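**Q** Sharing a structure with you now.
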Number of protein chains: 2
Amino acid sequence: MAEAVRLADREGVGELSMRRLARALGAGAMSLYYYVASKEELLDAMIDVVFEEIELPPEETDWQSAMRRRAVSARQVLARHPWAIGLMESRTSPGPANLRHREAVTACLRRAGFPVLTATHANWLLDSYVYGFALQEASLPFDTADEFADMAEDVFLPQLPVDEFPYLNESAAALVAAGFDPAEEFIFGLNLVLAALEPLRVPT
Amino acid sequence: MAEAVRLADREGVGELSMRRLARALGAGAMSLYYYVASKEELLDAMIDVVFEEIELPPEETDWQSAMRRRAVSARQVLARHPWAIGLMESRTSPGPANLRHREAVTACLRRAGFPVLTATHANWLLDSYVYGFALQEASLPFDTADEFADMAEDVFLPQLPVDEFPYLNESAAALVAAGFDPAEEFIFGLNLVLAALEPLRVPT
DNA sequence: TCGTACGTCGTACGTTGTACGAAGAAGTAG
DNA sequence: CTACTTCTTCGTACAACGTACGACGTACGA
């Protein structure tokens, strides 16, 4: 499992084949099938490994701090394993780590005073934001702020005719000037979402 | 392109091969390569077909209504083409329809009075929500509310030991009782996000 | 000593993306 | 009409894929 995740991180999930994984483990291809019924099952298990890496919301703090921590952790983990995001779409049954995670998040929200159905709404909203952000971040063609500045000036701006895309040009320029940090960008939206949820609590 | 999208919708993107697509078109496999340099390029083009289906924010209404319309449309389209979500993670260069869409959204936000960088934040937040929601919706193992109720009682609840997952049991039960409609769920979070963004506008 | 279970893997089959180059179709110039 | 170019189609071939099947060695309790 760990080697499979490492391979997917390094080369992309498209390059992960049973034969390559076996070779990386110093084994024959068919040996893998003793531990895993199919490649599908391997991918399911890999997703659960990723979920295991995400911090659970700590219990001792206020709900906003707790949710912020786990959301930030989730973003970091998904940025480390970008292939996991694309995989989730096709895989429908959650693994044990996934379930434990959901339980902990729901518990945190319920204890914070969100009614049952409201907690579900909050869950959808928060998870949507986290996954969607990770998805967008994964499809960025650069990794660091410097790389972004370089690419913006050399690639994006020349590709965007000013008369056809005036607003995109404007914001690209502003972004280059201000610098772009995914972690900060993430926190900004996250704080808005958390603040928007706050009034939905029912004081206990 | 259209046939490729239809095939992916019907059978999943995993079942889309150059040979199958060619057969569906009544052509030889290699003929496709006259129109497309590689399968990668085909997938890129398919994504752009999907973006073309998403409604642009209308210009004549207030910004919240405009963004709501385009977000709702985006969710519908992505629910129709779930494979597109998973594909976005690996594809880094946006197609023309994608760019047009981004331009229109940014224009709408800027005209509504959001400062340049704030508009970027809003864009990330809104897109994250839309994509993340679509991703979660795509990984649901059911399609309709009735199907959900059936599955919840027959599959989920028996799988979730009450003592280990008390909160998940509670919300699953509440959801079965209340019914679950993805479209409504989506609007709920969307309205929260829009309301959270409202005060960031600068009156013109 | 032997049966059973555990773990490994070689071979083989059908399918995949696509490099290469041949071949027909269609248009243009003389 | 012919000659030549450009457009479009596709057959073949190759390496890599997932995995069904069955053979094999080893460990261990009886």
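The values are calculated or read from the model by the stated rules, or taken from the named source; none is laboratory data. Quantities reported herein were computed from a predicted structural model and do not represent experimental measurements. Cβ placement follows ideal geometry from the backbone for every residue including glycine, while neighbour counts extend to all protein chains displayed. Note: accessible area is taken over every heavy atom of the protein model, side chains too, but ligands, DNA and RNA are not part of it. Shrake-Rupley method; radii C 1.70, N 1.55, O 1.52, S 1.80 Å.
**Q** What are the ³J(HN,Hα) couplings of the stretch A:47-59, residue after residue, when phi is run through the Karplus curve with 6.51, -1.76, 1.60 and θ = phi - 60°? Round to Hz, x for glycine and proline.
**A** For the stretch A:47-59, the Karplus-derived couplings read 4, 5, 4, 4, 4, 5, 6, 6, 4, 6, x, x, 8 Hz, x marking Gly and Pro.
**Q** Now, a different point. List the pair-distance distribution P(r) of the protein assembly as shown, using every Cα-Cα distance, as the percent of pairs falling in each 10 Å bin from 0 up to the bin containing the longest distance, rounded to whole percents.
**A** Reading the bins upward from 0: 4, 20, 31, 27, 14, 3, 0.
**Q** Got a sec? What order do A:GLU137, B:GLU53, B:GLU15 fall in by accessible area at 1.4 Å, biggest, i.e. largest, first?
**A** B:GLU15, B:GLU53, A:GLU137
**Q** How large is the Kirkwood hydrodynamic radius of chain B, in angstrom, based on all distinct alpha carbon pairs?
**A** 19.4 Å
**Q** In addition: With a 1.4 Å probe and every protein chain left in place, work out the accessible area per residue of chain A in Å², rounded to a whole number.
**A** Result: 47 Å² of accessible area for each residue.
**Q** Can you give the mean number of other chain Cβ atoms that lie within 10 Å of the Cβ atoms in peptide B:133-141?
**A** Across B:133-141, the average partner-chain Cβ count within 10 Å equals 6.
**Q** Let me ask another. Interface size between chain B and chain A, please: total buried accessible area, 1.4 Å probe, rounded to the nearest 100 Å².
**A** 5000 Å²
**Q** Another question, then. For chain B, what is the relative contact order in percent, using Cα pairs closer than 8 Å and at least 6 residues apart in sequence?
**A** For chain B, the relative contact order is 20 percent.
**Q** Per-residue ellipticity at 222 nm for chain A, helices alone: DSSP H runs ≥ 4 residues times -39500 (n - 2.57), over residue total, nearest 500 deg cm²/dmol?
**A** Estimated from H runs of four or more residues: -20500 deg cm²/dmol.
**Q** Subtract the Cα-Cα distance of B:ASN191 and B:GLU52 from 0.36 nm times their separation in residues, and report this length gain in nm to one decimal.
**A** This chain segment gains 47.6 nm when fully extended.
**Q** Let me ask something else. When only alpha-carbon atoms count, how far does the stretch B:51-153 stretch along each of its three principal axes, as whole angstroms with the largest first?
**A** 49, 30, 22
**Q** Here's another thing I want to ask about it. Among the residues of chain B, which one places its Cβ closest to the rotation axis that maps chain B onto chain A, and what is that distance in whole Å?
**A** B:GLY132, 1
**Q** Please compute P(r) over all alpha-carbon pairs of the stretch A:144-204, binned at 5 Å starting from zero, and give each bin as a whole-number percent.
**A** Result, from short to long distances: 4, 16, 18, 16, 13, 11, 8, 6, 5, 3, 2, 0 percent.
**Q** Using protein chains only (no ligands, no nucleic acids) and a 1.4 Å probe, work out which residues of the stretch A:150-170 have their accessible area cut by at least 30 Å² relative to the chain alone.
**A** In the stretch A:150-170, residues shielded by partner chains: A:PHE165, A:TYR167, A:LEU168, A:GLU170.
**Q** Picking from B:ALA177, B:MET30, B:ALA134, whose Cα lies most toward the positive end of the charge dipole for chain B (charges on Cβ: Lys, Arg +1; Asp, Glu -1)?
**A** Final value for the positive-end residue is B:MET30.
**Q** Let me ask something additional. Based on the mean of other beta carbon atoms within 10 Å per residue, what is the order of A:168-178, B:140-150, most packed first?
**A** Peptide ranking by packing, descending: A:168-178, B:140-150.
**Q** With springs only between Cα atoms under 10 Å apart, run a GNM on chain B and tell me which of B:VAL116, B:VAL193, B:VAL77 wobbles the most.
**A** Per the Cα network of chain B with a 10 Å cutoff, B:VAL116 tops the list.
**Q** Shifting gears a bit: Name the residues of the stretch B:111-130 whose accessible area falls by at least 30 Å² when all protein chains are present instead of the chain alone, probe 1.4 Å?
**A** Going by heavy-atom accessible area, the residues of the stretch B:111-130 that drop by at least 30 Å² are B:VAL116, B:LEU117, B:THR120, B:HIS121, B:TRP124, B:LEU125, B:SER128, B:TYR129.
**Q** Select from A:GLU153, A:GLU55, A:GLU185 the residue whose mean-square fluctuation is largest in a Gaussian network model of chain A (Cα-Cα springs shorter than 10 Å).
**A** Maximum fluctuation in the GNM of chain A, among the listed residues, is at A:GLU153.
**Q** Could I ask something else about it? When the Karplus curve 6.51 cos²θ - 1.76 cosθ + 1.60 is applied with θ = phi - 60°, which whole-Hz ³J(HN,Hα) does each residue of the stretch B:156-170 get, with x for Gly and Pro?
**A** 5, 4, x, 7, 10, x, 4, 6, 8, 10, x, 6, 5, 4, 4
**Q** Let me ask something additional. Place the label 7 angstrom along Cα→C-beta at B:LYS39 and in each other copy, then list the distances from the first to the rest in nm, shortest first.
**A** Its label point is 0.9 nm from the equivalent points in the other copies.
**Q** Roll a 1.4 angstrom probe over the protein heavy atoms and tell me the percent of accessible area of the protein assembly as shown that is carbon or sulfur.
**A** Taking all protein chains in place, the protein assembly as shown shows 53 percent carbon and sulfur surface.
**Q** Follow-up question, since we're still on this one. Averaged across the residues of A:80-89, what count of C-beta atoms belonging to other chains lies within 10 Å of each residue's C-beta?
**A** 5
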